[in-house]
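**Student:** Structure in structure tokens, see below.
The values are calculated or read from the model by the stated rules, or taken from the named source; none is laboratory data. What you see is a predicted model; the values in this text were computed from it and never measured. So basically every Cβ, Gly included, is an ideal-geometry build from the backbone, and we count neighbours across all protein chains shown.
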Amino acid sequence: MTELADAPAAVTYGSPQLRELIDHIADGAIGRDERDELPYDAIEAVKQARLGAIRVPAEQGGGGASLVEVYKLFIELGAADSNVAHIVRSHFGVVENLLLSNRPEDARWLRRVADGELIGSASTELSAKAGATDFPYQTAISRTQHGLRLNGTKHYTTGSLYMDWLIVGVTDVDGDKAEVIIPTDRPGVIRVNDWDGFGQRFTGSGTVTFDDVAVGPEDYFAKGTIPRDNLPYRATFFHIQLSAMIAGILRRIASDAVEQVRGKKRPFYHAVADVPADDPIVQYSVGLLHSQAFAAEAMVLTAGAALAEAYAAHGTPEGPELFLQATLANAKAKVVIDEIANRAASELFDVGGGSLVRRSAHLDRHWRNIRTIAAHNPKTLKAVVVGNHALNGTPPPNQGFF
């Protein structure tokens, strides 16, 4: 990969450099799964290419990608290695919030992003109800004789093992909420790889503990009201990301099906063709998988385009309705994508029979990863909300984990 010092600017969408990066990530995916290996090399390549700045405007040192192109990127990363896509998910959400806030003080963080640094998030605490936004953080800043100190524990800190910075939701010394941005190598920041999910195993979605971490005035990102809190349905961006990753896995399932069939020399028992690729039953199975992948990608990009339209209208009278329509589009997409993706991850095995269940093939990772990503929020709730809106005009809940 190109060294960061030699890279004149962030990688751009559709460029040969981006294709090289994604191929590099994909080439190592099965080996990492085989060896239970964390993808530090892949994330270093992401930093060297400044992929995290692909959404930052070109005049600010970024790649100038559109929102829809970012979702296309997550589909491609999902196909290459959904762990890597998930690792950088929070970073892209941070960048989106920085671009939407337009606060002058945020320019320094966009400069760091343009330089290739990654910013993650540490917010969730097990003492709070899932999805709650009005609870007091147990992670808190206190005054000591040595200055301000941060103490507490955060869970489900996706990507934290690989980040350069973490945005941390805290209770400030005055009892109000605040956010600080802390470098991950600061003394007292303890990142533990204790995520034990059966899928997305290498995402670093474990625990971060802050043990008497020094905090200075320059570390504060926001006090009191968080800038993004005023954005309608602000979690829609993240949820479309999740569906984009699943769509990417579906793309990989479809391509794996082709690879497996072309590599087979023996047909099924009672097959109507001597060559598996000529068997209409196998052709149907492969065609179904490709059709499912196409449908998932189309739904993701439709929802992404709706959100892009809402972002463009943010602050106008039309904005709230467009944000509502975008979150409904996201919900509808998830209901269908989760259904076809989980089925496709099983139907993949119809193209090759018993030989495909070998552990060395690692084809089971697709179902494990899809199931884990889809579990972030249930499609059942999404379907109920879509139906309630259609029948009664009831808007979706405007909070984090919907």
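**Student:** For the stretch 289-300, indicate whether the set of residues that are farther than 30 Å from Gly263 by Cα, modelled with pLDDT of 95 or more and in the same structural domain as Pro378 (by TED's automatic domain parsing) is non-empty. Let's see the steps before the verdict.
**Tutor:** Here is the first cut: in the stretch 289-300, the residues farther than 30 Å from Gly263 by Cα are 299-300.
Still in the list and also modelled with pLDDT of 95 or more: 299-300.
Within this subset, residues satisfying the condition of being in the same structural domain as Pro378 (by TED's automatic domain parsing) are 299-300.
Looking through the stretch 289-300, at least one residue is farther than 30 Å from Gly263 by Cα, modelled with pLDDT of 95 or more and in the same structural domain as Pro378 (by TED's automatic domain parsing).
**Student:** I've got another one for you. Does the stretch 293-301 include one or more residues that are charged (D, E, K, R) and over 24 Å from Asp81 (Cβ atoms)?
**Tutor:** Within the stretch 293-301, not a single residue is charged (D, E, K, R) and over 24 Å from Asp81 (Cβ atoms).
**Student:** Quickly run through the stretch 1-22 and pick out the residues that are assigned to a helix (DSSP H, G or I) and either surrounded by 16 or more Cβ atoms within 10 Å (Cβ to Cβ) or modelled with pLDDT of 95 or more (or both).
**Tutor:** Answer for the stretch 1-22, where residues must be assigned to a helix (DSSP H, G or I) and either surrounded by 16 or more Cβ atoms within 10 Å (Cβ to Cβ) or modelled with pLDDT of 95 or more (or both): Pro16, Gln17, Leu18, Arg19, Glu20, Leu21, Ile22.
**Student:** Can you find even one residue in the stretch 312-319 that is in contact (Cβ under 8 Å) with a residue 24 or more places away in the chain, in a helix (DSSP H, G or I) and not acidic (Asp, Glu)?
**Tutor:** yes
**Student:** Can you tell me which residues in the stretch 159-192 are buried (at least 22 other Cβ atoms within 10 Å of the Cβ), under 27 Å from Ile373 (Cβ atoms) and of a type in the set (Val, Ile, Thr)?
**Tutor:** Within the stretch 159-192, Ile167, Val168 meet the criteria.
**Student:** Does at least one position in the stretch 158-178 carry a residue that is charged (D, E, K, R), assigned to a helix (DSSP H, G or I) and within 23 Å of Pro232 (Cβ to Cβ)?
**Tutor:** As a first pass, look at the stretch 158-178 and keep what is charged (D, E, K, R): 164, 172, 174, 176-177.
When the remaining residues are screened for being assigned to a helix (DSSP H, G or I), the result is none.
Checked the stretch 158-178: no residue is charged (D, E, K, R), assigned to a helix (DSSP H, G or I) and within 23 Å of Pro232 (Cβ to Cβ).
**Student:** Here's a follow-up. Only one residue in Ala293, Ala277, Ala273, Ala312 is within 28 Å of Ala29 (Cα to Cα) and either more than 21 Å from the chain's Cα centre (by Cα) or surrounded by fewer than 18 Cβ atoms within 10 Å (Cβ to Cβ) (or both), so which one is that?
**Tutor:** Ala277
Here's the yes/no breakdown for (1) part of a helix (DSSP H, G or I); (2) among the hydrophobic types (A, V, I, L, M, F, W, C):
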| position | (1), (2) |
| --- | --- |
| Ala254 | yes, yes |
| Val258 | yes, yes |
| Val261 | yes, yes |
| His270 | no, no |
| Val282 | yes, yes |
| Leu288 | yes, yes |
| Phe294 | yes, yes |
| Glu297 | yes, no |
| Ala303 | yes, yes |
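**Student:** Out of Arg50, Arg32, Arg55, which single residue is within 26 Å of Ile253 (Cα to Cα) and either crowded, with 24+ Cβ neighbours inside 10 Å or in contact (Cβ under 8 Å) with a residue 12 or more places away in the chain (or both)? Full working, then the answer.
**Tutor:** Working: Arg50 fails: within 26 Å of Ile253 (Cα to Cα); Arg55 fails: within 26 Å of Ile253 (Cα to Cα).
The conditions single out Arg32.
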